[in-house]
Amino acid sequence: ETGVTQTPRHLVMGMTNKKSLKCEQHLGHNAMYWYKQSAKKPLELMFVYNFKEQTENNSVPSRFSPECPNSSHLFLHLHTLQPEDSALYLCASSQRTGEIGEKLFFGSGTQLSVL
Amino acid sequence: SQQGEEDPQALSIQEGENATMNCSYKTSINNLQWYRQNSGRGLVHLILIRSNEREKHSGRLRVTLDTSKKSSSLLITASRAADTASYFCAGALSGYALNFGKGTSLLVTP
């Protein structure tokens, strides 16, 4: 166990559905991240939250809406997704020590299929 | 943008052999990290090497860094079937978030 828990593990949704992915970290970290992993592509950084404030949005379409109510929880709200959004969505956290390029702790991911 | 690029894309070896994976990156980095991912799971941090270090060891892992060539290598010695996974290098392009490559898929057969 990495101390980062993601739910659900698998999600199948239609293009008109609204769903949310949840991430919780028990490590006392101050930064949380969403990454997208598609087949045969590099991991794509989507969002970064630092002390609950969004510090990076990597040109992610508005159909993905992140929420970080506190340093331990991170959500990714999904609506009107496209089939090409099917991927493994990974949450990660880091301590935020101030060092550039911190060690990340990842959850097991949510495997999303959009039909 | 992609910061690390691993080579080869896929590697197949037998148990007991050594596995070497390479990583090239485009811009200056503060540190370079290697991660491992088992199929369908999250990534697990293996080792971090700072820009002022040339070599680092952790158990059966040996990482080298050549900042003049913007490259790094990961050596796994005496590989085991349990080492079968994808391996990623990552560096910080800017800010604090890491940028990953596509990974090297390693298969270790008994």
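The values are calculated or read from the model by the stated rules, or taken from the named source; none is laboratory data. Computed from a predicted model, the values in this text were never measured in an experiment. Counting neighbours? That spans all protein chains shown, and the Cβs are built from the backbone with ideal geometry, glycine included. Side chains are part of the model used for accessible areas, which takes the heavy atoms of the whole protein and leaves out ligands, DNA and RNA. Shrake-Rupley method; radii C 1.70, N 1.55, O 1.52, S 1.80 Å.
A few comments on the model shown:
- In region B:17-29, the residue that is nearest to the other protein chains (Cβ to nearest Cβ) out of those that are surrounded by fewer than 20 Cβ atoms within 10 Å (Cβ to Cβ) and assigned to a strand (DSSP E or B) is B:Ser24.
- A:Glu56 being under 14 Å from the mean Cα position of the chain (by Cα), charged (D, E, K, R) and modelled with pLDDT under 95: yes
- Filtering region A:1-60 to residues that are open to solvent by 40 Å² or more (accessible area, probe 1.4 Å), under 20 Å from A:Leu112 (Cα atoms) and part of a strand (DSSP E or B) leaves A:Thr5, A:Thr7, A:His10, A:Val12, A:Lys18, A:Lys19, A:Ser20, A:Lys22, A:Glu24, A:Glu44.
- Only one entry in B:Val44, B:Val108 is part of a strand (DSSP E or B) and either surrounded by fewer than 17 Cβ atoms within 10 Å (Cβ to Cβ) or free of Cβ contacts under 8 Å to residues at least 12 places away in the same chain (or both), namely B:Val44.
- Matching residues in region A:15-62 - criterion: being without any contact (Cβ under 8 Å) to a residue 12 or more places away in the chain and closer than 20 Å to A:Thr80 by Cβ: A:Asn57, A:Ser59, A:Pro61, A:Ser62
- Residue match in region B:70-84 (condition: of a type in the set (A, V, I, L, M, F, W, C), open to solvent by less than 30 Å² (accessible area, probe 1.4 Å) and over 11 Å from the mean Cα position of the chain (by Cα)): no
- Filtered residue count, region A:74-90, keeping only those that are part of a loop (DSSP other than H, G, I, E, B) and either touching a Pro at 6+ places or on another chain (Cβ under 6 Å) or open to solvent by 10 Å² or more (accessible area, probe 1.4 Å) (or both): 3
- When the residues of region A:91-115 are filtered to those that are open to solvent by 10 Å² or more (accessible area, probe 1.4 Å) and among the hydroxyl-bearing types (Ser, Thr, Tyr), the one that is farthest from the other protein chains (Cβ to nearest Cβ) is A:Ser113.
- Just one residue in the set A:Ser93, A:Ser113, A:Ser65 is touching a residue at least 40 places away in the same chain (Cβ under 8 Å), more than 23 Å from B:Ala90 (Cβ to Cβ), in a strand (DSSP E or B) and of a type in the set (Ser, Thr, Tyr); that residue is A:Ser113.
- Within region B:30-52, the set of residues being more than 7 Å from chain A (Cβ to nearest Cβ) and closer than 14 Å to B:Leu65 by Cα comprises B:Leu32, B:Trp34, B:Ile47, B:Ile49, B:Arg50, B:Ser51, B:Asn52.
- Consider region B:74-110 and keep the residues that are at pLDDT below 95 and more than 21 Å from B:Arg41 (Cβ to Cβ). The one that is nearest to the other protein chains (Cβ to nearest Cβ) is B:Ala92.
- Any hit, region A:19-26, residues being of a type in the set (A, V, I, L, M, F, W, C) and more than 12 Å from every other protein chain (Cβ to nearest Cβ): yes
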